[in-house]
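Trainee: Supplied in structure tokens, the structure appears directly below.
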Amino acid sequence: MTGMQFTPRGYGGRRRNPDEVKRDGWKEQGVLAVAVDDARLTWPERELVRQLGERLYGKREGDMRHG
């Protein structure tokens, strides 16, 4: 006789890597998660990300580069 099998949340299937989570968040919900130091971005793109982050959430702790 086989009983019911229960797999607790987070213990089944394959764990997605962070880039997959970010990509899915963008495609499914329009949410963009990007690191200000992402090497795939050009300097102007990283600067735009930094400015958007500061406008929405304030300056980062310990960031002395921009007053």
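The values are calculated or read from the model by the stated rules, or taken from the named source; none is laboratory data. A quick note: this is a predicted structure, and the numbers were derived from the prediction, not measured. Note that we place each Cβ from the backbone using ideal geometry, even for glycine, and neighbour counts take in every protein chain shown.
Trainee: What are the residues in the range 1-33 that are in contact with a helix residue (DSSP H, G or I) (Cβ under 9 Å, 6 or more places away or on another chain) and modelled with pLDDT under 95, if any?
Mentor: Of everything in the range 1-33, just one residue is in contact with a helix residue (DSSP H, G or I) (Cβ under 9 Å, 6 or more places away or on another chain) and modelled with pLDDT under 95, namely 16.
Listed here are the residues, each with its yes/no results for (1) over 22 Å from residue 18 (Cβ atoms); (2) in contact with an Asp or Glu (Cβ under 8 Å, 6 or more places away or on another chain).
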| position | (1), (2) |
| --- | --- |
| 34 | no, no |
| 38 | no, no |
| 43 | yes, no |
| 46 | no, yes |
| 54 | yes, no |
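Trainee: Can you tell me which residue in the range 1-44 is nearest to the chain's Cα centre (by Cα), limited to those that are among the acidic types (Asp, Glu) and not in a loop (DSSP other than H, G, I, E, B)?
Mentor: Top of the filtered list is 19.
Trainee: Moving on to the next point. Determine whether residue 19 is under 20 Å from residue 60 (Cα atoms), surrounded by fewer than 10 Cβ atoms within 10 Å (Cβ to Cβ), out of contact with any His (no Cβ under 7 Å at 6 or more places or on another chain) and charged (D, E, K, R).
Mentor: no
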